[in-house]
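The values are calculated or read from the model by the stated rules, or taken from the named source; none is laboratory data. Bear in mind that the values here come from a model prediction, so they are computed numbers and not experimental data. Heads up, the Cβs are rebuilt from the backbone with ideal geometry, glycines too, and the neighbour counts pull from every protein chain shown.
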Amino acid sequence: MRSEKEVLDAVLCVAAADEAVRAVIRTNLVPKRKYDYYNFCFVVTDIERFDRDVFATCFGDRILLYRGDRNYPELFPNKTKAHLMVFRDGVTIVINAMDKDAFLARYYGEPNHENVWIGDTYLKILDKDGMLPAIERLSEKQTWFAQKPSEEEFHETCNEFWWVLKTFAEYTLRKELPPAMFYLNVAVRDLLNRLIRWDLFLRAGQPVDMGILDCNMEKLLDEDRFGLYKKTYSTADYESIREAFHAVVKLWSITAGEVAAHCEYDYAKETEADMLRFISDLAEQ
């Protein structure tokens, strides 16, 4: 596998030789992790040229090109062209080609702190015209969570949780596995993770670094609590799904009670009891 210096040298060499590329910014620099990849923004003058496979032979023996902007254009606004490339020697390079305005909109944009899947660190490594301001943000800010829910937000999130849990239970009872697993691992889990983020911040009394896609949760939760969280994952066996359901309910009830206590809100235990009774009655029909 090539070294970091070899990859950076190759990227800068390609950018320097291309008149359409006016600046290069490296992104996603921290944290440094095993199996990480190299991310770059190319600020370009002819964005449509980068809709073609302009990097086909630039960086070595490529085994995969995935154009993220073609599958998910809503994630790549302002005509950004996303080239995600995998090479035979174990290197992964991502180049997002965009114009100056698109890059600055991304750089100065408000961070999203929920389900963060991409980093928010930047370092300018080439600027042929001095067109950009100083670009150096080497500490992650998107993954730092510091939100106390309003009383309305807390109650509406709880209501949404019971609604999607009911829907998950209905799919499970009908033995419709794909939608049941979708609801468990996406709809239900998103709300559960949001509640846990609130709880971790409120207990810490200061911002907490959740990591990309909450990858730091195991470090932040105590052993017993994370042990319960692990039980919310099931196999495709319906008995395992039932056990995951009960783990979700237990973890939600404990954590929602803690969030409510920290915020001095009421947690609707009566709604919890009514919804669990409703779901239990479904199972007996």
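In the stretch 30-53, is there at least one residue being of a type outside the set (Val, Ile, Thr), surrounded by fewer than 16 Cβ atoms within 10 Å (Cβ to Cβ) and touching a His at 6+ places or on another chain (Cβ under 9 Å)? Yes: one or more hits.
Taking the options Leu221, Leu251, Leu213, name whichever one is assigned by TED's automatic domain parsing to the domain that holds Leu177, on the phi > 0 side of the Ramachandran plot, in contact (Cβ under 8 Å) with a residue 12 or more places away in the chain and hydrophobic (A, V, I, L, M, F, W, C). Going through Leu221, Leu251, Leu213 in turn, the sole match is Leu213.
Taking the stretch 116-145 as the range and being of a type outside the set (D, E, K, R), surrounded by 13 or more Cβ atoms within 10 Å (Cβ to Cβ) and at pLDDT below 90 as the test, the residues that pass are Val116, Ile118, Gly119, Thr121, Gln142, Thr143, Trp144, Phe145.
A residue that is surrounded by fewer than 19 Cβ atoms within 10 Å (Cβ to Cβ), over 24 Å from the mean Cα position of the chain (by Cα) and not β-branched (Val, Ile, Thr) occurs somewhere in the stretch 206-225.
In the stretch 88-105 there is at least one residue that is more than 26 Å from the chain's Cα centre (by Cα) and not assigned by TED's automatic domain parsing to the domain that holds Glu258. Within the stretch 233-263, the set of residues being within 22 Å of Leu221 (Cα to Cα) and not in a helix (DSSP H, G or I) comprises Tyr233, Ser234. For the stretch 234-285, filtering for residues that are under 15 Å from Ala169 (Cα atoms) and of a type in the set (Phe, Trp, Tyr) leaves 3.
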